[in-house]
Amino acid sequence: IMAAAATRLISRLTLVTGGGSGIGQAVCQRFASEGASVVVADISQESANETLGRLQGDLRGQSHMAAVVDVSLSFVAAVDVVLSLQTRYFQPPSVCVNAAGITQDDFLLNMEEEQFDRVIQVNLKGSFLVTQAVAQALVACGAPKGSMVTVGSIVGKVGNIGQVNYAASKAGVEGLTRTAAKELSRFGIRCNCVLPGFISTPMTDKVPEKVLNKMKSLVPMGRMGQPAEVADVCAFLASDDSRYITGASVEVTGGLFIG
Ligand SMILES: NC(=O)c1ccc[n+]([C@@H]2O[C@H](COP(=O)([O-])OP(=O)(O)OC[C@H]3O[C@@H](n4cnc5c(N)ncnc54)[C@H](O)[C@@H]3O)[C@@H](O)[C@H]2O)c1
């Protein structure tokens with residue numbers, strides 16, 4: 001059941017990477033329900049289209065689209081997406097959520113160089129490329145405000161067995177976001193990071209039952225989170241309700257690893 005917050009994002013153009021699944025998909029749905037036009041960007045066309053088909057679109061001026069993009073590819077790929085939006089909507093997105101992400105778990109002692117590189121490439125460099133392309137477009141067109149949201153992880157703060165690559169990428173995303181916040185404030189662009197704990201998505205479906213039960217027992221609230229519970233925070237950070245918040249990291253963890 002959707003909270004009453006209603007239409008905070010009316011007439012906002014929003015770009016959501018990783019929008020085809022899990023947290024990104026929930027963000028797309030929440031943004032659409034608040035009146036935004038949503039660009040569902042994902043490496044998987046099928047997933048992006050599936051999300052697109054689920055979006056509410058009956059509010060004023062709403063027009064959604066799916067875009068196939070590999071965020072890790074290159075600066076050119078990220079700029080291409082932003083340019084194609086500007087062609088269609090005559091403006092760059094003023095809200096960007098970087099939810100595209102992958103895991104390739106292994107113990108430090110066994111991890112292959114390629115596994116390390118790939119996770120950094122998608123999670124960290126992908127967030128850099130997309131954030132940079134959107135910020136450049138916003139600054140170039142003189143947009144009065146923008147909100148960038150990155151998806152880090154609580155694991156970036158506390159570490160996690162089997163995830164040296166992932167934890168490093170997510171710690172990097174936080175540092176990137178804080179720095180972007182400092183540099184972009186003077187252009188009216190806010191940048192914040194959400195740090196989910198254990199959320200039920202296709203990503204965590206891969207984790208063995210035994211490990212999930214162990215994890216659940218560590219969560220003070222006693223359960224995994226739902227993608228919509230992360231999406232609610234993203235909608236807050238995207239909207240003017242958070243107008244004096246920038247450079248923040250918001251934990252959405254049910255109390256896991258309270259520090
Ligand atoms: N599920 C959790 O418990 C959890 C916890 C903390 C952080 N996160 C982060 O939240 C984000 C979303 O995770 P999720 O659980 O929804 O995972 P998910 O696997 O359900 O969704 C990730 C989406 O990203 C897309 N994607 C992957 N690589 C891409 C690329 N190179 N370019 C564009 N799109 C790409 C996938 O196709 C998929 O649709 C990730 O950044 C993840 O690290 C998840």
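Brief remarks follow.
- Some residue of the stretch 23-37 being within 16 Å of Tyr89 (Cβ to Cβ) and in contact with a His (Cβ under 7 Å, 6 or more places away or on another chain): yes
- Sub-9 Å Cβ pairs linking a first residue in the stretch 107-122 that is on the phi < 0 side of the Ramachandran plot to a second residue that is of a type in the set (Phe, Trp, Tyr), at least 6 apart or interchain, are Val119/Tyr166, ordered by first then second residue.
- For Gln91, the test of being away from the ligand (no atom under 13 Å from the Cβ) and out of contact with any Asp or Glu (no Cβ under 8 Å at 6 or more places or on another chain) is passed.
- Scanning the stretch 57-85 for residues that are crowded, with 16+ Cβ neighbours inside 10 Å, within 16 Å of Leu13 (Cβ to Cβ) and of a type outside the set (A, V, I, L, M, F, W, C) yields Gln62, His64.
- Given (1) within 12 Å of the ligand (Cβ to nearest atom); (2) assigned to a loop (DSSP other than H, G, I, E, B); (3) modelled with pLDDT under 95, index of the condition Ala5 fails: (1)
- Top-ranked residue in the stretch 5-38 [being free of Cβ contacts under 8 Å to residues at least 40 places away in the same chain and farther than 15 Å from Val149 by Cα; ranked as surrounded by the most Cβ atoms within 10 Å (Cβ to Cβ)]: Gly20
- The residue that is farthest from the ligand (Cβ to nearest atom), among those in the stretch 12-54 that are in contact with a strand residue (DSSP E or B) (Cβ under 8 Å, 6 or more places away or on another chain) and farther than 24 Å from Leu73 by Cβ, is Arg12.
- Options Lys157, Lys210: the member that is more than 9 Å from the ligand (Cβ to nearest atom), over 16 Å from Phe128 (Cα atoms) and touching a residue at least 12 places away in the same chain (Cβ under 8 Å): Lys157
- Residue satisfying condition, being of a type in the set (S, T, N, Q), in contact with a Phe, Trp or Tyr (Cβ under 7 Å, 6 or more places away or on another chain) and either under 29 Å from Gly142 (Cβ atoms) or within 14 Å of the ligand (Cβ to nearest atom) (or both), within set Thr204, Thr179, Thr246: Thr204
- Sole residue being assigned to a strand (DSSP E or B), surrounded by 20 or more Cβ atoms within 10 Å (Cβ to Cβ) and in contact (Cβ under 8 Å) with a residue 12 or more places away in the chain, chosen from Leu195, Leu237, Leu176: Leu195
- Considering the stretch 150-175, the residues that are touching a Ser or Thr at 6+ places or on another chain (Cβ under 6 Å) and among the aliphatic types (A, V, I, L, M) include one that is nearest to Leu256 (Cα to Cα), namely Ile154.
The values are calculated or read from the model by the stated rules, or taken from the named source; none is laboratory data. This one's a predicted model, so the numbers in the text were calculated from it and none came from an experiment. FYI the Cβ positions are ideal-geometry reconstructions off the backbone, even for glycines, and counts take in every protein chain you see.
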